[in-house]
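Taken together, the values in this text are just the output of simple stated rules run on the coordinates, not laboratory data. Computed from a prediction, not measured in an experiment: that's the story for all the values here. Quick reminder, even Gly has a Cβ in these numbers, built from the backbone with ideal geometry, and neighbours come from all protein chains shown.
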Amino acid sequence: MIKTTATMLSAALVLGVATLPAAATNLDGPPPAYEGRATIWQGLYLGLSLGYGWGSSEHFYDRNNNHGTAQQSLTGGLGSVTMGYNYLISPSLLVGIEGDLGIMDLRADDKVIFDGHVWKSQFGALWGTVRGRAGFLWNQRTLLYATAGLAFMQLDEVGYGDAAGQTAWNTDFRTGWVVGAGVEYALSSTMTAKLEYLHMDFGSYSGLSENREPYSFDNSVDLIRAGLSFKF
């Protein structure tokens, strides 16, 4: 009985020693699920996107204590090139950084706001963002994510009065903040497609017209876009 038991224990010990290299290999490497997701998602990528934007421009003008306030809604198309990097911190969690540089053409009809004062607005042509991303992998191919960061936009706004010296300009690059969310799907190990919403807010800009009358502009843009990204 003792001899039989000793033989069984020896066999178990030999079997355990034989399986140690395989176990060590599994411990040294990532789990298969993590390895597959890293192949698809982790790394540097470039992308292209096209979409539609709608913006808001609020204008306030104070002419000899005669206040004028109005709002314009601008709409139009936009596109951008994108560059980013993703890193998997677990099989289901991803973080990254992404930047855009693009063109947009958001316009509105001229608007008479008060006392013959005509207001013209255009957002574009250049715009861009620098954002962080954090996402959850619903499965190996589907990423749900949120994003936030900094934004910039070129714009051209002008209010024309009906007398000399009553013109006010806001023609500049404006900076602000951006937040958004999206869903991205891996079409292959090197290509993904995404649908994304972003809200950009550029705050308020104040100044004086040619004859020193105060004015301010307040601008924001919302957009939805579809894009393709190609991983290196």
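Taking the simple approach of a point 7 Å from Cα along Cα-to-Cβ for both Arg107 and Leu126, what is their distance in nm?
2.2
Using θ = phi - 60° and the Karplus curve 6.51 cos²θ - 1.76 cosθ + 1.60, what whole-Hz ³J(HN,Hα) does each residue of region 131-136 get, with Gly and Pro shown as x?
Computed from phi, the couplings for region 131-136 are 9, x, 10, 9, x, 10 Hz.
Subtracting the Cα-Cα distance from 0.36 nm times the residue separation, let me have the gained length for Thr175 to Ala226 in nm, one decimal. Could you put the intermediate results ahead of the total?
Details: separation 51, 0.36 × 51 = 18.36 nm, distance 2.37 nm.
Contour length minus Cα-Cα distance gives 16.0 nm.
Each residue of region 224-231 in turn: what ³J(HN,Hα) in whole Hz from Karplus with 6.51, -1.76, 1.60 and θ = phi - 60°, glycine and Pro shown as x?
10, 8, 10, x, 10, 10, 10, 8
Counting other beta carbons within 10 Å of each Cβ, put Thr129, Thr142 in order, fewest first.
The order, fewest Cβ neighbours first, is Thr142, Thr129.
Please give the peptides 188-195, 98-105 ranked by average Cβ packing (other Cβ atoms within 10 Å per residue), highest first, as a rough proxy for protection. Provide the component values of the computation, followed by the final result.
On the way: 188-195: 15.0, 98-105: 18.9.
Going from most to least packed, we get 98-105, 188-195.
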